[in-house]
Amino acid sequence: MFDVFRNAWKQTDLRKKILYTLLIIVVFRIGSHIPVPFLDPSVLGQMTEGATNFLSYLNTMTGGGFEDATIFAMSITPYINSSIIIQLLTVAIPALERMSKEGEEGQKKIMKITRYTTVALGLLQAVAYYFLVRRYGAVVYTSGFESVYAMIVIVATFTAGTALIMWLGERINERGIGNGISIILFAGIISRGPAALNKLIGWWNLGETRYYVLVPIVLVIFLAMVVFIIAMTNAERRIPVQYAKRVVGRKMYGGQSSHIPVKVNMSGVLPVIFASSLMSIPGTIASFIGAESGFWYHLSRIFSYNSWFYAILYFVLIIAFNYFYVAISYNPIEIANNIRQNNGAIPGIRPGKPTADFIQRVIHRITLVGAIFLGIIAIFPIIFSQVTSMNISLGGTSILIIVGVALETMRTLESQMTMRHHKGFLE
């Protein structure tokens, strides 16, 4: 990975893209420290301290922007949610499906719809957060005209911050190295690294024998998880395809072998995000309504991050969402038709429906392996926290995102260098 970045730095145009991307990251981190008017950061810090619900998840995704009451307190969560919604609607609504198949112009229209949806979701989320932080006493003015003015300013600032982050991500896509939204999310999560390290140092300085053993174990487990994620992210099942020979004029085409790569982790981190968002709903509702007893209180206790029920249901939902995402993203019948139209066939499998059934079986098996992999990575920090009573700031989801974005960025740089046809440049 370091060799790729070093070689990319030697190219003038790629060096400009890398510097531009770093500049955007600096702007993002500066914005993550600009406070929102009329909010008390100390109260928000108390809300997220030791929290295990959606607020803790949000604070991690924003790089601590929520607990510091900054303009980027909502980060890119509205954009992620809107992208997921539009992607699902593309499968359900024929008009959007046709638009997505119109090439570059269709993708521009989809992106425009996604932007508007992001702003709308950001506005709704900002209003919800205003009432949440007001209930906890984080709003300075809560009566009279001042309260109305403070609400307008807070909601507008939260929404504008989300729109600005979306714009910064698009600038990285256009003038930087690409993967803009992912890189901003990566920068936000990685900024929590020093806080996690300080927590480990604090446990070590307590002088207890158990922490002298557990802290090194945490570091070893972290490195092992990174290696495991890299191996599973790059793992793939290759379906061989043999193309028949055909003569066109005086030239002969085909007669070569190829393969269809089926990634073990085809859905990335999306199933984990789906499952964690769904599991956080009861606790979040209880926080909004201030339930200290009754139905929502007991339901939030059942769905507590520290319960075994939470871990088991979380694992099951990750597997279910993984199958769901793969089902709407990959069509075995379409893949089989493309193979037959190109005079290809899978050795030992007849073209048509048998080929589609074979591809379907392979995808189902690989999907199960990838889903179990995601589930293990996601729930392991929960189990570790329950056993050792050590709450790790960087959980499995954060590590998945960090490693995934790093690998994707490396592949992007490699492809951009390969396009420049420098023989032996990557060696």
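The values are calculated or read from the model by the stated rules, or taken from the named source; none is laboratory data. Everything numeric in this text was worked out from a predicted model, so none of it was measured. Here Cβ is always computed from backbone atoms with ideal geometry, including for glycine, and neighbour counts include all displayed protein chains.
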Exercise for the section: Within the range 151-167, identify whether any single residue is free of Cβ contacts under 8 Å to residues at least 60 places away in the same chain and touching a strand residue (DSSP E or B) at 6+ places or on another chain (Cβ under 9 Å), and answer yes or no. Expected result: yes
Completion exercise
When (1) within 25 Å of Gly169 (Cβ to Cβ); (2) modelled with pLDDT of 80 or more are applied to Gly103, the one that fails is (2)
Practice task
Answer with yes or no whether Ile239 is assigned to a loop (DSSP other than H, G, I, E, B) and modelled with pLDDT of 85 or more.
Solution key: no
Practice task
Considering every residue within the range 310-329, establish whether at least one is of a type outside the set (A, V, I, L, M, F, W, C), farther than 20 Å from Arg237 by Cβ and modelled with pLDDT under 85.
Solution key: yes
Exercise for the section: Looking for whichever is at negative phi, touching a Leu at 6+ places or on another chain (Cβ under 8 Å) and aromatic (Phe, Trp, Tyr) here; the options are Phe315, Phe309, Phe321. Which one fits? Expected result: Phe321
Practice task
Could you grab me the full set of residues in the range 129-151 that are over 14 Å from Met47 (Cβ atoms), assigned to a helix (DSSP H, G or I) and hydrophobic (A, V, I, L, M, F, W, C)?
Solution key: Phe145, Val148, Ala150, Met151
Completion exercise
Given the conditions (1) of a type in the set (A, V, I, L, M, F, W, C); (2) within 30 Å of Tyr130 (Cα to Cα); (3) at pLDDT 85 or above, every one holds for Ile285 apart from (3)
Completion exercise
Across (1) surrounded by 17 or more Cβ atoms within 10 Å (Cβ to Cβ); (2) more than 30 Å from Asp13 (Cβ to Cβ); (3) in contact with a Ser or Thr (Cβ under 9 Å, 6 or more places away or on another chain); (4) of a type in the set (A, V, I, L, M), Met151 clears everything bar (3)
Practice task
Return yes or no: is Ser304 over 26 Å from Arg192 (Cβ atoms) and modelled with pLDDT under 85?
Solution key: no
Practice task
Determine, yes or no, whether Gly122 is assigned to a helix (DSSP H, G or I) and in contact with a helix residue (DSSP H, G or I) (Cβ under 7 Å, 6 or more places away or on another chain).
Solution key: yes
